[in-house]
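The structure appears below as structure tokens.
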């Protein structure tokens, strides 16, 4: 075992900043800001580029949530573009394999893993509809211009470096089951090898580039009602999916008022409904009464975090239904522009590489949204035709004195809202900087055994272990133990923006538009 000391510095600028999980996507968004685009323009471009440069986490075959904050008025708007189950779905197709009682994500497995793997696990995707709706309402770029960077990257292809090779190797057995997936990501059925030295190797995605170019010319509705929709439905049907033309045509993203709570004088905004937002706000509400105040988060604070997160999860799992089993994989983008507008956007395929299915002619990876349903009948969040599953995504906007002060979110499935609750508390309750809050050790209380960062003070684990089962782990690149956050902040008085990305992720970065 080797212990590495890894540190990233926050980015500071009076210009706009994009924080994302991949440097190339963040740079593309920052270039949009530098050219005069606003926060929504940059967020949409970044998300579209992420779908190619980090395809195992998010893409146009998935769904998500976003928040937009107006820099002048402080108004926050929320959009839900999460996945939906096919209307022709039959819950009886997902037969229980049995064996477990369903507590804490440990519900019975489905025979053949039909809910987590292959065409039977795919839900109706919402990303294209969501990004287009957000761009139309708050952006200044045309849809065609917003797609151009993503098209260029898809034509060039995914760069194969050591991290790409690692991420593909993790799921190579699943990818090998589908010829189109294997053609893009594998070499003779095996994970690709990173080139030696300074050489660069790319894996082009010509079918995806062609699809994006068609959408650029025909418009986003073509994905749901036009030539693209007809192609998607045909390919899905060939693989056994129940998604129909009516499912695509009927898909609509949903604008709705966000949830809002006050926490220590800050306004905290989250998506309502079937997201991580309600659980995050419930956690902060519990912390208001239980968190000991001090100069820094200590063992007593860690126990308060564990109790609050655990209680919020109890309500979530019994009242809202179960979230996903296993480790979800997600991309988050946080953006602030020079005028103080902010976007917090989370997009996901659910599992790594989603369903593992790349549609042969369309060239896009598809989600495995059925994984987010509880397969047991008659319970909250049960599998049902046309239903929306309970998601873990939790983009946040925080305001001070009525103006946007922070956009933050994370990847990491059920670990997301526990991580965000602690980072927010570190900054609000203990006055930490964005950089210090991202480097401070966290715990994760989303499973029966609470994970405590091995780098935390020695008395933290013992304090939490007095009430809960504890496991000491490191904040490793893989497996992901504590979620992967990114955030931007703004000081309204000085006009200074700051950005920060997850220290342990080799690709995550915050890029200022004047860099």
Considering segment 237-271 alone, what residues qualify as being part of a loop (DSSP other than H, G, I, E, B), surrounded by fewer than 16 Cβ atoms within 10 Å (Cβ to Cβ) and within 21 Å of the chain's Cα centre (by Cα)?
252, 257
Output the residue which, of all residues in segment 176-206 that are in a loop (DSSP other than H, G, I, E, B) and touching a residue at least 40 places away in the same chain (Cβ under 8 Å), is surrounded by the fewest Cβ atoms within 10 Å (Cβ to Cβ).
200
Go through the residues of segment 91-98 one by one and say whether even a single one is within 21 Å of residue 251 (Cα to Cα) and either touching a helix residue (DSSP H, G or I) at 6+ places or on another chain (Cβ under 9 Å) or surrounded by fewer than 17 Cβ atoms within 10 Å (Cβ to Cβ) (or both).
yes
Hey, among 438, 417, 468, which residue is part of a loop (DSSP other than H, G, I, E, B), buried (at least 16 other Cβ atoms within 10 Å of the Cβ), touching a strand residue (DSSP E or B) at 6+ places or on another chain (Cβ under 9 Å) and at negative phi?
468
Determine whether segment 320-330 contains at least one residue that is over 25 Å from residue 135 (Cα atoms), modelled with pLDDT under 95 and more than 19 Å from the chain's Cα centre (by Cα).
yes
Extreme residue, farthest from residue 23 (Cα to Cα), among residues of segment 154-175 that are without any contact (Cβ under 8 Å) to a residue 60 or more places away in the chain and part of a helix (DSSP H, G or I):
173
Out of 494, 504, which single residue is assigned to a loop (DSSP other than H, G, I, E, B) and without any contact (Cβ under 8 Å) to a residue 12 or more places away in the chain?
494
Within segment 4-35, of all residues that are under 20 Å from residue 163 (Cβ atoms) and part of a loop (DSSP other than H, G, I, E, B), the one modelled with the lowest pLDDT is 4
So residue 458 ticks every box in (1) within 28 Å of residue 293 (Cβ to Cβ); (2) surrounded by fewer than 21 Cβ atoms within 10 Å (Cβ to Cβ); (3) modelled with pLDDT of 95 or more but one. Which box is left unticked?
(3)
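The values are calculated or read from the model by the stated rules, or taken from the named source; none is laboratory data. In this text the structure is predicted, and so the values were computed from the model without any measurement. Don't worry about glycine lacking a Cβ; one is built from the backbone with ideal geometry, like all the others, and counts go over all protein chains shown.
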